[in-house]
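These notes concern the structure reproduced below.
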Amino acid sequence: MDVPADVPVDVPADVPIDVPVDVPVDVPEDVPIDVPEDVPIDVPMDVPMDVPCPDNDHDGWTTCDGDCDDNDPNVNPGAFDFPDGIDHDCDGDIGDADDKCDQGLQYTSQNPLDYAFAIDLCQVTTENPPLKNKVWGIISADLTLATGSGTPDPQQHAIVTSFGSVLGPKKNSNFVLLSTGEAATPSQQYFTPNTPQPGTDTGTQSPTPFGFPVNKSGCPVPSPTAFNPVNLRLRIRVPTNAHSFGFNHGFFSAEYPEYACSQFNDMWVALLKSGAGGLPNNRNLVFDDFGTPGSVNLTFFDRCVAGQTGCFGTPGFNFCAGGASELAGTGFDTMDPSNPCGAPTSIGGGTGWLTTEAPVVPGETITLEFMVWDSSDGIYDSATILDNFHWLQGSLPGPKTYR
């Protein structure tokens, strides 16, 4: 017998004597002894066994989660379907983003979500959906006072098809009108003989938002109370392929011309809460090249009748390069023969349509607030129009407003 005496009697005699005694007899001889028994011999040890679907582009979605191009981080179910020939959101259709949700909306609507639809922000989502359903869209919509709580007067906001006889929607068929008084032109339901001057005091008020009040450099600062404020407050999940967004807006005020550059200058602001860089400390997106916030003092405030301004504030002159034609039918075009600043003029002026763009972080949740309020008192109404919210692929160093 050729089995050494120190081999246990239960080891078959045909086991080579150079096999360690602590190797189970049922391990095939061609398996290295340092390979765990539960690893298949034909699977490389550096391939995880529990990842059937990779995420090659590191966008958070695997092919199992519906990612239809796992080599492009801008393509996944959370993306916006830009019209560029690519199915960004992996729904099987190319460039099919729904942006026509403003049809059939009512002028008197009290549903905040209708106001998001009216500015062409059409997709709705939830706060914490499963990954497969984590699409971009509106998480919540509210109509509040300047601080994000409380309720504005129901006639301070409306969904309109026109603002006067010249200005219409920038996209589709409707847009939003917000006012410190009645949200109406003479042809619309909420209009009263006091609209927009001497104005309507709704009796609502709240503190101004963080970072306000402010005014144009050299002009008196208003009180820290927002009189008659109205705020369209939206929480939105950003598409995973959007680095910025834009919207169209315009501001109009009965403070022109006499109260320009005064403590009574009403504010029109768009406040953004985002992780993006380049945002002002007060989060406001609407300002001109001199840092002047949305008000009668903006350099863009040039839809008016030229003349002396600020006779109840800081005296100045506005050449009104844009003329007064866009005021037609708005109520701000009514002539004031007793203009305290001099020659007869209209009872107000405005900016016409402007564009603002701002940066965001792809995939984050932002809070965006569009608001207008009376400063230092509740009379002499101001209003803003708002339309055509849209996502942009390009990055921006900070917000910008332009015509």
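Might you let me know whether segment 324-342 holds any residue that is more than 26 Å from SER162 (Cβ to Cβ) and without any contact (Cβ under 8 Å) to a residue 12 or more places away in the chain?
Going residue by residue through segment 324-342, those that are more than 26 Å from SER162 (Cβ to Cβ) are 337-342.
Of the ones still in play, those that are also without any contact (Cβ under 8 Å) to a residue 12 or more places away in the chain are 337-338.
Yes: one or more hits.
Kindly evaluate VAL361 against the criterion of being in contact (Cβ under 8 Å) with a residue 40 or more places away in the chain, in contact with a Ser or Thr (Cβ under 7 Å, 6 or more places away or on another chain), surrounded by fewer than 20 Cβ atoms within 10 Å (Cβ to Cβ) and not in a strand (DSSP E or B). Yes: the conditions hold for VAL361.
Check GLY331, GLY310, GLY378 and return the single one that is surrounded by fewer than 22 Cβ atoms within 10 Å (Cβ to Cβ) and out of contact with any Leu (no Cβ under 7 Å at 6 or more places or on another chain).
On the way: GLY331 fails: surrounded by fewer than 22 Cβ atoms within 10 Å (Cβ to Cβ); GLY310 fails: surrounded by fewer than 22 Cβ atoms within 10 Å (Cβ to Cβ).
From the options GLY331, GLY310, GLY378, the qualifying one is GLY378.
Condition check for PRO224 on (1) over 18 Å from TYR256 (Cα atoms); (2) surrounded by 15 or more Cβ atoms within 10 Å (Cβ to Cβ): one failure, at (2). Which numbered condition in (1) outside any helix (DSSP H, G or I); (2) at negative phi is the only one that GLY352 fails? The number of the failed condition is (2).
Restricted to strands (runs of 3 or more DSSP E) entirely inside segment 174-261, those with at least 2 residues that are hydroxyl-bearing (Ser, Thr, Tyr) and at pLDDT 95 or above are 244-253. When you scan segment 52-63, do you find a residue that is touching a helix residue (DSSP H, G or I) at 6+ places or on another chain (Cβ under 6 Å), assigned by TED's automatic domain parsing to the domain that holds HIS157 and in a loop (DSSP other than H, G, I, E, B), even just one? No.
Considering segment 113-139, and only residues there that are at pLDDT 95 or above and part of a helix (DSSP H, G or I), the residue that is surrounded by the fewest Cβ atoms within 10 Å (Cβ to Cβ) turns out to be LEU113.
Among the conditions (1) touching a His at 6+ places or on another chain (Cβ under 8 Å); (2) at pLDDT below 95; (3) of a type in the set (A, V, I, L, M, F, W, C), MET335 misses just one, which is (1).
The values are calculated or read from the model by the stated rules, or taken from the named source; none is laboratory data. Nothing here was measured: the structure is a model prediction, and the numbers come from that model. Here Cβ is always computed from backbone atoms with ideal geometry, including for glycine, and neighbour counts include all displayed protein chains.
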